[in-house]
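Visitor: Before we start, here is the structure in question, set down as C-alpha cells.
The values are calculated or read from the model by the stated rules, or taken from the named source; none is laboratory data. Values in this document were obtained by computation on a predicted structure and should not be read as measured data. Note: ideal-geometry Cβ built from the backbone for every residue, glycine included; neighbour counts use all protein chains shown.
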Amino acid sequence: MAVAQVSRAAVSDDQVVADGVAPDPSAPTSPPGAGRRRRSRRLGLWLAVTWLVVIVLAALLADLLPLKSYSELTGVAAQRPGFRGELLGTDLLGRSMLSRVVYGARASLAVSLGAVLIGAVVGGLVGLVAGFYRGGFDHVVTTLVNSVLAFPPLVFLMAIAATVGANLVSLVIGLAVLTIPTFTRLARANSSTFAEREFVLAARSMGVRNPRILLREVLPNVVPVLLSYMSLLLAVLIIAEGSLSFLGLGVPPPTPSWGGMIAAGRQHLADAPHLVFVPGVAMFLTVFSLNVVGDRVRSHFDITPTTTGGTA
Amino acid sequence: MQVLPVLLLVSFATMVLIDLVPGDPVRSILGESATPEQVLAKRAQLGLDQSVVGRYVDWLGNALHGDFGTSLQGNQDVGGAISQRLPVTLELAVLAALIALLLALPSGMYAAYRRGGWFDRATEAVSSALVSLPPFLTATIFVFFLAVNAQVLPVTGWVPLSQDPGENLRHAILPALALALPEAAVWMRLLRADMVATLQEPYVLAAVAKGMRPTNVVVRQALRPSAISLVTVAGLSLGRLVGGSIVVEFMFALPGLGNLMIESVIRHDIVMVQGLVFVVAVAYVVINLAVDVAVAYLDPRVRQG
C-alpha cells in the first residue's frame, strides 16, 4: 500500500462515527466523549475549508489585491509585523512579507496542483487499464510502480535537479511522477473490484465490449476515489516542494516560495523570528487544512479496506 | 514485491540519469573550452561510447563491487565517499526510528486502552498537527528554542561515535528528534487504530475475564497482532527518513549522505548523484524485503497464505 494511503488511514479513524453514516452493527459502540469529538471535528473542518478558500483566493487574485510587488524594496529591512507599515513585516532586503507569502502560495499551489492533476490522469488511466485487464500489462505496471517507490521522494527530485537543473517544468514533472504510484495503485485496486461487479456483468451479457465497459461503467466509479485522495497528496507535495525550495533546488528565485523564505530567514531566528514564522505558519496551516479536508473527503469515497474498521 | 525486476529497473533508471542531461553530457561536464581529445577521453571513461546495454552491464557489474566510478568534481572515489559519509546518516535514521518507537509504542497502547479518553483525544490532535509539519520547519523551531535560546544543545557540527559517544549523542539528538516526530505521529495513530480492533477480540476478553492485569493484556497479548501495520509502515518510512535526513543534515551541517547529495547536486556531479541514488534505492528495496519477512513472523496467516 502507498505510504500516503496507510499513514492517512492511521491518522483519521472512527470514520463510521465521523461520517454520520449508520454505524456497522459489528462496530464497537461509541466511546464516551464521541459527541463532543464530532462537534469539534466539524468546527475544525470548517476552519480548514475557510483557510483553504482564503489562501486559494489570495493566490489566484494576487495581482488584483492591493499588495506591494514582492520584489519592491520598502527601505526598512527585517521590520517586525505591525499595523503601522507592513502587516507581516519585511524581509532581510525590506520586501513586503505579506506580498511574498501570497505570491509564495501561488508558486506552491500552482506547482503542486499541476503535479497532482498530471499524476491523477496518468496514474489513474494506467491503473484503470491494469486493474481491468490484469494479466501481463498488470505485472509490468506493478513492477514499474514498485520501482518508482524505491526512490525516496526528495532523493528523486534532487536527482532530477542535478541532471535537468532546477526549473519549474522539471519540478512539476518530478512531483507528478512521485504521485503516479499512489494513483496507479488506487485506480488499479478499485478498477479490479468494480470489474467483477454485477452491473459490469450485466453490461457484458448485453454485448457491450470491454473498452466501452471500461469507459462507461468502471471509470465513473473510479474517478471519485482518485479525486478524494487529491487533497492528501497535495499536502504531501507542498511539503516536498517546500523542502526542495528550502534547499535552494525548488522554485527558482526571484519568485518567492515558502521553503525559500524559511531558508532565508533561519539564520536570523533570534532577532527576527517573523522571517521564519510567517511563511512557516502559512505552510503549516495549508498542509494541515488539506489533511483535515482530505481525511474527511477520503473517508466518504474510499471503498478499499483500510487498516481500521473494527474486527472485520 | 518481485525484488529482482525492481532492482534491475531501479539500477537502470539510475544509470541512464546521465543521458537525461540536456545536450551533450560530456560537453556540459568539461565546459566549452575542452579539446576534442579531452572530450573523447572523458566519453570513454564514462562509457558513453558504448551502447546503452553494454554500458549498463559494465556499470551494474562495477556497482555490485562497490565501484561507482570517480566523481566529476575533485576526482573522488564515489564508493569511498559514500561509505565514509554513510555512518552519520545511518546513525541519524536508526536513532530517529528508535525515538519514534519509544514515543509511539507506549502512547499508542495507552490511547487504545483508554479509547476516547483525554489522552487519546490530545494525542490525536497533536499527531495530526505533527504530520503537517515538515522536518525542516520542526528542526528550525527546535534550533530556536533548544539551541539558541536555552543553549542546551549544539546547533551545528558532528563528533564521530568512535571519538566520544556522549558528545556524539548531544550532536545527534536534535536532528534525530526532528526526523522522528512526524514518523512517531503516524506510527502512534496506526498502532492505536489496530490495537483498538485487537482489544475487541474474544481472546482479549477471555484474558481480561481470567483476571489478567491490563498491562499484561495490552503488552503481552495484544501488542504483537496489533503491530503488523506499524511494521509495514515503518519500512516504508525509510524513504521519508532518508529524505528528511537530507534536509536535517543540511540544517545542522552534519557530514552525512544528505549533505554529500546536496553538494553533488549543486555541482552537477552526476556520477556522485548516481552512486548515492543507487545506494539509497537498493537499501529501500532490501529493507522492505526484510519488513515482509518480519510481517510473516508477526502474522502466521501471511506465512501460510
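Visitor: Please give the number of the condition B:Gly244 fails out of (1) part of a helix (DSSP H, G or I); (2) free of Cβ contacts under 8 Å to residues at least 24 places away in the same chain.
Guide: With (1) part of a helix (DSSP H, G or I); (2) free of Cβ contacts under 8 Å to residues at least 24 places away in the same chain applied to B:Gly244, the lone miss is (2).
Visitor: Now a separate question. Got a sec? Which of B:Val16, B:Val6, B:Val21, B:Val52 is of a type in the set (A, V, I, L, M, F, W, C), out of contact with any His (no Cβ under 9 Å at 6 or more places or on another chain) and closer than 16 Å to B:Met272 by Cα?
Guide: B:Val16 is the lone residue from the list that is of a type in the set (A, V, I, L, M, F, W, C), out of contact with any His (no Cβ under 9 Å at 6 or more places or on another chain) and closer than 16 Å to B:Met272 by Cα.
Visitor: Find the helices (runs of 4 or more DSSP H) located wholly in the range B:1-81 whose residues include 3 or more that are over 27 Å from B:Leu236 (Cβ atoms) and within 14 Å of chain A (Cβ to nearest Cβ), and list them. Break it down into steps so the answer makes sense when it comes.
Guide: Working: elements: B:3-15, B:25-30, B:36-46, B:52-64.
Fully inside the range B:1-81 and qualifying: B:25-30.
Visitor: The conditions are (1) touching a residue at least 24 places away in the same chain (Cβ under 8 Å); (2) in a helix (DSSP H, G or I); (3) at the interface with another protein chain (Cβ under 10 Å from one of its Cβ atoms), and B:Met261 fails exactly one of them. Which is it?
Guide: That leaves (1) as the condition not met.
A quick yes/no check of all residues on (1) closer than 19 Å to B:Tyr110 by Cβ; (2) in a loop (DSSP other than H, G, I, E, B); (3) in contact with a helix residue (DSSP H, G or I) (Cβ under 8 Å, 6 or more places away or on another chain):
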site	(1), (2), (3)
B:Phe142	no, no, yes
B:Pro154	no, yes, yes
B:Gly157	no, yes, yes
B:Pro160	no, yes, yes
B:Gln163	no, yes, no
B:Glu167	no, no, no
B:Ala180	yes, no, yes
B:Leu191	yes, no, yes
B:Val204	yes, no, yes
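Visitor: Give the range A:261-274 a look and list any residue that's buried (at least 24 other Cβ atoms within 10 Å of the Cβ) and either in contact (Cβ under 8 Å) with a residue 24 or more places away in the chain or polar (S, T, N, Q) (or both), or say none.
Guide: Within the range A:261-274, just A:Met261 meets the criteria.
Per-residue answers, yes or no, for (1) closer than 26 Å to A:Arg41 by Cα; (2) modelled with pLDDT under 85; (3) among the β-branched types (Val, Ile, Thr); (4) out of contact with any Asp or Glu (no Cβ under 9 Å at 6 or more places or on another chain):
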residue: B:Asp120; (1), (2), (3), (4): yes, no, no, yes
residue: B:Ala147; (1), (2), (3), (4): no, yes, no, yes
residue: B:Ser162; (1), (2), (3), (4): no, yes, no, yes
residue: B:Glu167; (1), (2), (3), (4): no, yes, no, yes
residue: B:Ala172; (1), (2), (3), (4): no, yes, no, no
residue: B:Ala180; (1), (2), (3), (4): no, no, no, yes
residue: B:Ala184; (1), (2), (3), (4): yes, no, no, yes
residue: B:Trp187; (1), (2), (3), (4): yes, no, no, yes
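Visitor: So which residues in the range A:158-182 are within 9 Å of chain B (Cβ to nearest Cβ) and either crowded, with 20+ Cβ neighbours inside 10 Å or part of a helix (DSSP H, G or I) (or both)?
Guide: Once the filter is applied, which keeps residues that are within 9 Å of chain B (Cβ to nearest Cβ) and either crowded, with 20+ Cβ neighbours inside 10 Å or part of a helix (DSSP H, G or I) (or both), the range A:158-182 yields A:Met158, A:Ala159, A:Ile160, A:Ala161, A:Ala162, A:Thr163, A:Val164, A:Ala166.
Visitor: Quick check on the range A:188-211. Is at least one of its residues closer than 26 Å to A:Phe288 by Cβ and β-branched (Val, Ile, Thr)? Please lay out each step first, then the result.
Guide: First, the residues of the range A:188-211 that are closer than 26 Å to A:Phe288 by Cβ: none.
No, every residue in the range A:188-211 fails to be closer than 26 Å to A:Phe288 by Cβ and β-branched (Val, Ile, Thr).
Visitor: Could you grab the pairs with beta carbons closer than 7 Å, sequence gap of 6+ or different chains, first residue in the range B:46-71 and closer than 13 Å to B:Ile18 by Cβ, second one surrounded by fewer than 18 Cβ atoms within 10 Å (Cβ to Cβ) and of a type in the set (Asp, Glu)?
Guide: Going by the 7 Å Cβ cut-off, the qualifying pairs are B:Gly47/B:Asp58.
Visitor: Here's a follow-up. Mind checking whether some residue in the range A:223-237 is outside any helix (DSSP H, G or I) and in contact with a Ser or Thr (Cβ under 9 Å, 6 or more places away or on another chain)?
Guide: No, the conditions are met nowhere in the range A:223-237.
Visitor: Taking the criterion of being within 8 Å of chain A (Cβ to nearest Cβ), assigned to a helix (DSSP H, G or I) and free of Cβ contacts under 8 Å to residues at least 12 places away in the same chain, would at least one residue in the range B:282-300 satisfy it?
Guide: The answer is no; no qualifying residue exists.
Visitor: Now a separate question. From B:Val291, B:Val279, B:Val286, B:Val273, which residue is crowded, with 24+ Cβ neighbours inside 10 Å, farther than 30 Å from B:Ala206 by Cβ and β-branched (Val, Ile, Thr)?
Guide: Result: B:Val273 is the single residue among B:Val291, B:Val279, B:Val286, B:Val273 that is crowded, with 24+ Cβ neighbours inside 10 Å, farther than 30 Å from B:Ala206 by Cβ and β-branched (Val, Ile, Thr).
Visitor: Starting from residues that are of a type in the set (S, T, N, Q) and more than 9 Å from every other protein chain (Cβ to nearest Cβ), keep the ones in the range B:112-139 and report whichever is nearest to B:Gly243 (Cα to Cα). If you could, list the steps in order and put the result at the bottom.
Guide: Step one: of the range B:112-139, the residues of a type in the set (S, T, N, Q) are B:123, B:127-128, B:132, B:138.
Remaining after also requiring more than 9 Å from every other protein chain (Cβ to nearest Cβ): B:123, B:138.
Working: B:Thr123: 25, B:Thr138: 14 Å.
Among residues in the range B:112-139 that are of a type in the set (S, T, N, Q) and more than 9 Å from every other protein chain (Cβ to nearest Cβ), the one nearest to B:Gly243 (Cα to Cα) is B:Thr138.
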